[in-house]
1. Going through segment A:21-66 one residue at a time, which ones are assigned to a strand (DSSP E or B) and touching a residue at least 24 places away in the same chain (Cβ under 8 Å)?
2. Looking at (1) surrounded by 12 or more Cβ atoms within 10 Å (Cβ to Cβ); (2) without any contact (Cβ under 8 Å) to a residue 60 or more places away in the chain; (3) within 12 Å of chain A (Cβ to nearest Cβ), find the lone condition where residue B:74 falls short.
3. Could you list, in sequence order, the residues of segment B:1-11 that are buried (at least 18 other Cβ atoms within 10 Å of the Cβ), within 7 Å of chain A (Cβ to nearest Cβ) and hydroxyl-bearing (Ser, Thr, Tyr)?
4. Which of the residues that make up segment B:12-29 are among the small types (Gly, Ala, Ser) and more than 8 Å from chain A (Cβ to nearest Cβ)?
5. Go over the candidates A:87, A:62 one by one and state the one that is modelled with pLDDT of 90 or more and either open to solvent by 30 Å² or more (accessible area, probe 1.4 Å) or out of contact with any Ser or Thr (no Cβ under 7 Å at 6 or more places or on another chain) (or both).
6. Tell me the residue from B:2, B:46 that is over 19 Å from residue B:74 (Cβ atoms) and among the polar types (S, T, N, Q), please.
Protein chains: 2
Amino acid sequence: MSQNLDATFAALADPTRRAILARLAKGEASVTELAEPFDMSLPAISKHLKVLERAGLIIRGRDAQFRPCKLDPRPLDAAADLIEKFRRAWEERFDRLDDYLKTLQHKDKNK
Amino acid sequence: MSQNLDATFAALADPTRRAILARLAKGEASVTELAEPFDMSLPAISKHLKVLERAGLIIRGRDAQFRPCKLDPRPLDAAADLIEKFRRAWEERFDRLDDYLKTLQHKDKNK
């Protein structure tokens with residue numbers, strides 16, 4: 001689980017890979033189609049695709065000639081859940097502080 | 001913005017740094033306190049803190065002796081937004097497919 005998160009976040013830490021994921025979120029595409037908007041060689045794109053594939057974020061078709069890439073958004077759930085967990089813990093901290101201040105006010109009133 | 005996302009996701013791609021963030025989400029802590037649960041030297045922890053600081057995810061206090069670390073959750077918003085964008089685009093793809101199938105069924109009924 002932790003290793004999966006390492007791979008997911010590392011895969012997301014690159015603008016080309018994020019652009020590839022954004023494209024694939026709209027539907028599957030071939031490597032040539034994916035390479036089109038970038039000023040990059042096919043081998044350079046293939047390298048990025050391998051990182052995404054190892055992170056489980058894309059699935060490649062089996063047809064040797066035309067291996068379309070498809071998004072697999074499942075690893076994104078764990079990544080989003082973790083970020084949400086941090087934010088919630090952070091907000092709860094302020095809620096606790098708020099409760100504490102209310103307790104102080106209440107004590108002050110009852111003096 | 002894109003460089004910020006690079007730094008945010010790269011910072012999240014490590015289990016020690018995620019554990020540090022989880023700890024700081026509950027409240028600020030000194031480097032010594034942060035190092036406690038890990039079998040790691042203080043310099044190793046400091047290295048991780050520098051990565052988190054460069055990503056804008058933590059703020060260090062100015063007191064030279066006791067420089068407490070504090071979470072700054074703002075970069076997490078952009079990271080969560082991006083992941084959400086991917087997931088929404090992916091879901092919209094299925095909504096469009098669903099609409100298309102409904103149109104086909106409708107045409108079939110009216111034959």
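The values are calculated or read from the model by the stated rules, or taken from the named source; none is laboratory data. No experiment lies behind these values; they were computed from the predicted model shown. For neighbour counting, all protein chains shown are included, and Cβ atoms are generated from backbone atoms with ideal geometry for every residue, glycine included. These accessible areas exclude ligands, DNA and RNA; they are computed on the full protein's heavy atoms, side chains included. Shrake-Rupley method; radii C 1.70, N 1.55, O 1.52, S 1.80 Å.
1. Of everything in segment A:21-66, those that are assigned to a strand (DSSP E or B) and touching a residue at least 24 places away in the same chain (Cβ under 8 Å) turn out to be A:29, A:58.
2. Going through (1) surrounded by 12 or more Cβ atoms within 10 Å (Cβ to Cβ); (2) without any contact (Cβ under 8 Å) to a residue 60 or more places away in the chain; (3) within 12 Å of chain A (Cβ to nearest Cβ) one by one, residue B:74 breaks only (1).
3. Once the filter is applied, which keeps residues that are buried (at least 18 other Cβ atoms within 10 Å of the Cβ), within 7 Å of chain A (Cβ to nearest Cβ) and hydroxyl-bearing (Ser, Thr, Tyr), segment B:1-11 yields nothing.
4. B:19, B:29
5. Only one candidate qualifies: A:87.
6. B:46
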